[in-house]
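Scroll down for the structure; my scribbles are underneath it.
The values are calculated or read from the model by the stated rules, or taken from the named source; none is laboratory data. These numbers come from a predicted model, not from an experiment. Every residue, glycine among them, receives a Cβ derived from its backbone with ideal geometry; neighbour counts consider all protein chains shown. All accessible areas refer to the heavy atoms of the entire protein, side chains included, with ligands and DNA or RNA removed. Shrake-Rupley method; radii C 1.70, N 1.55, O 1.52, S 1.80 Å.
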Amino acid sequence: MYSQEELTLKVIVVAALLIGAVITYFIYSFSKQQLKVLKWQQLRIKAEIETIENERKRISSDLHDELGPLLSAVRLQINHLEPTDEIEQSVLEKSSSQIDEVIKRFREISYDLMPNILIRKGLVKAIAEFTSKMEESSKLKIRFTSDPVLFTPEQEINLYRVVQEIVHNTVKHAKANFLEIKIVDKNKFILITTKDDGAGFNYKEKSALGSGLGLLNLQSRVEVLKGRLLVDTAPGKGSFFTIEIPK
């Protein structure tokens, strides 16, 4: 026969085990549900990004294949006109110059939307060409180096957009003179780093306020690739971005 104390102790132990089992099941169910929600969010973000990229590709194709040739034809017709006096000559020259500028802007917009070199020659060549163009149009000196790495089409478009966003932000906001971009093959993952000597910013503050839409875009694209984004920056310190993408 058990004493009253032993019975009480056994009841307490059994109750504790039951409570522990219930808590364990609750935690397991909650974690499983959270994983489902996270996976759903990632799929939603991926679908949104794919929709945006497909729309960019379509608009770029329309600009390049339809509006570009149409404007070139208009310019050709203007150049074949024969002015009767100096005023008409001046008007025609000005109109031709303006159309040339419009064609140039169309090409730049089309390139920003979807660079053909990314599709034809891959990420490394596309980044090299993009950074070269940015050097020509800004005061920023850019050094880009890369290991020979093979990327999937999904990795290429998302990583190109990540680098594009960082470079544009550096030019617009960082007040930097130099930007270094590296792509390194780390066997199990791909490492992309960017480092500038600019003004830097308060990363936590921007993230908390939700004012850094570019940062949210970077984070979303890296998450779609199941990667990790690290940002090391502070006012007056410059900015150092690290992106790790599993192969």
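Some notes on this structure:
- Considering region 1-60, the residues that are among the acidic types (Asp, Glu) and at pLDDT 70 or above include one that is farthest from the chain's Cα centre (by Cα), namely GLU55.
- ASP147 being surrounded by fewer than 15 Cβ atoms within 10 Å (Cβ to Cβ), acidic (Asp, Glu), out of contact with any Cys (no Cβ under 8 Å at 6 or more places or on another chain) and closer than 26 Å to ILE117 by Cα: yes
- Checking each residue in region 110-144 for being open to solvent by 70 Å² or more (accessible area, probe 1.4 Å) and within 22 Å of SER61 (Cβ to Cβ) picks out ASN116, ILE119, ARG120, LYS121, LYS125, LYS133.
- Qualifying residue in region 66-76 (condition: basic (Lys, Arg), over 30 Å from VAL149 (Cα atoms) and open to solvent by 100 Å² or more (accessible area, probe 1.4 Å)): no
- In region 81-100, the residues that are open to solvent by 90 Å² or more (accessible area, probe 1.4 Å) and modelled with pLDDT of 80 or more: GLU82, THR84, GLU86, ILE87, GLU93, LYS94, GLN98
- Within region 164-213, if we keep just the residues that are of a type in the set (Lys, Arg) and modelled with pLDDT of 95 or more, the residue that is surrounded by the most Cβ atoms within 10 Å (Cβ to Cβ) turns out to be LYS195.
- Hey, SER220 farther than 22 Å from ALA128 by Cβ, among the polar types (S, T, N, Q) and modelled with pLDDT of 85 or more or not: yes
- Residue check: LEU63 meets all listed conditions (1) outside any helix (DSSP H, G or I); (2) surrounded by 11 or more Cβ atoms within 10 Å (Cβ to Cβ) but one, namely (1).
- Region 127-139, residues that are of a type outside the set (A, V, I, L, M, F, W, C), part of a helix (DSSP H, G or I) and farther than 14 Å from ILE183 by Cβ: GLU129, SER132, LYS133, GLU135, GLU136, SER137
- Residues in region 129-140 that are free of Cβ contacts under 8 Å to residues at least 24 places away in the same chain, touching a helix residue (DSSP H, G or I) at 6+ places or on another chain (Cβ under 9 Å) and closer than 14 Å to GLN164 by Cα: GLU129, LYS133.
- Qualifying residue in region 193-200 (condition: touching a residue at least 24 places away in the same chain (Cβ under 8 Å) and closer than 15 Å to ILE127 by Cα): yes
- Residue check for ILE103: within 17 Å of the chain's Cα centre (by Cα), more than 15 Å from GLN164 (Cα to Cα), open to solvent by less than 100 Å² (accessible area, probe 1.4 Å) and among the β-branched types (Val, Ile, Thr): no
- Region 216-247, subset small (Gly, Ala, Ser) and within 20 Å of ALA174 (Cβ to Cβ), residue nearest to the chain's Cα centre (by Cα): SER239
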